[in-house]
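Let me begin by presenting the structure, written as structure tokens, before commenting on it.
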Amino acid sequence: MMDAMPEPGQPLIRPSSTDHPLYDSVVEACRSVYDPEIPVNIYDLGLIYTIEISDEGAVDILMTLTAPGCPVAGEMPGWVADAVEPLPGVKQVDVRLVWEPPWGMDMMSDEARLELGFM
């Protein structure tokens, strides 16, 4: 069965566990991973869609890539998991690639736009 489209009024991207004590360190770990073709980390590029953290320390990350044909598509989720897994308090990490909604330049942080000369 295919995933149903989000209900009208529902965000396309599930909200992250921003109030979890581990959230900031998980974000920093994601910022240590770079897209090999773009000199900006994947978090500021807007490739990390959702960081869900359970009370038990299980981290579920939904991410995308700038393009489905990205040469490192198979490797990047592993890089993210390798960056997040060693953090104190993290019990397990699951990183999944999603293609909806498609990534766009509007998802980049201001820092990334500045870095790439779009501002």
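From the residues in the stretch 78-111 that are assigned to a loop (DSSP other than H, G, I, E, B) and charged (D, E, K, R), which one is nearest to Leu45 (Cα to Cα)? So the residue we want is Glu100. Quick check, is Thr66 in a loop (DSSP other than H, G, I, E, B), within 24 Å of Leu12 (Cα to Cα), free of Cβ contacts under 8 Å to residues at least 40 places away in the same chain and of a type in the set (Val, Ile, Thr)? Criteria met by Thr66. Applying a threshold of 7 Å to beta carbon distances and a minimum spacing of six or more residues, or different chains, the list of pairs starting in the stretch 81-102 at a residue that is under 18 Å from Leu12 (Cα atoms) and ending at one that is surrounded by 12 or more Cβ atoms within 10 Å (Cβ to Cβ) and among the polar types (S, T, N, Q) reads Leu97/Thr64; Val98/Thr64; Trp99/Thr64.
Condition check: loosely packed, with under 14 Cβ neighbours inside 10 Å and charged (D, E, K, R). Does Asp60 satisfy that? Spelling it out, it is not the case that Asp60 is loosely packed, with under 14 Cβ neighbours inside 10 Å and charged (D, E, K, R).
Yes/no per residue for (1) among the β-branched types (Val, Ile, Thr); (2) at pLDDT 95 or above:
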site: Gln10; (1), (2): no, no
site: Ser17; (1), (2): no, no
site: Val40; (1), (2): yes, no
site: Leu62; (1), (2): no, yes
site: Gly69; (1), (2): no, no
site: Met105; (1), (2): no, no
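Filter the stretch 31-47 down to the residues that are of a type outside the set (A, V, I, L, M) and assigned to a loop (DSSP other than H, G, I, E, B) and list them by number. If the condition is that a residue be of a type outside the set (A, V, I, L, M) and assigned to a loop (DSSP other than H, G, I, E, B), then Arg31, Ser32, Asp35, Pro36, Glu37, Pro39, Gly46 are the ones that fit. Check off (1) buried (at least 17 other Cβ atoms within 10 Å of the Cβ); (2) out of contact with any Pro (no Cβ under 6 Å at 6 or more places or on another chain) for Tyr34 and give me the number that stays unchecked. Result: Tyr34 fails condition (1) only.
The values are calculated or read from the model by the stated rules, or taken from the named source; none is laboratory data. In this text the structure is predicted, and so the values were computed from the model without any measurement. In this analysis, Cβ positions are derived from the backbone assuming ideal geometry, glycine residues included, and neighbour counts consider all displayed protein chains.
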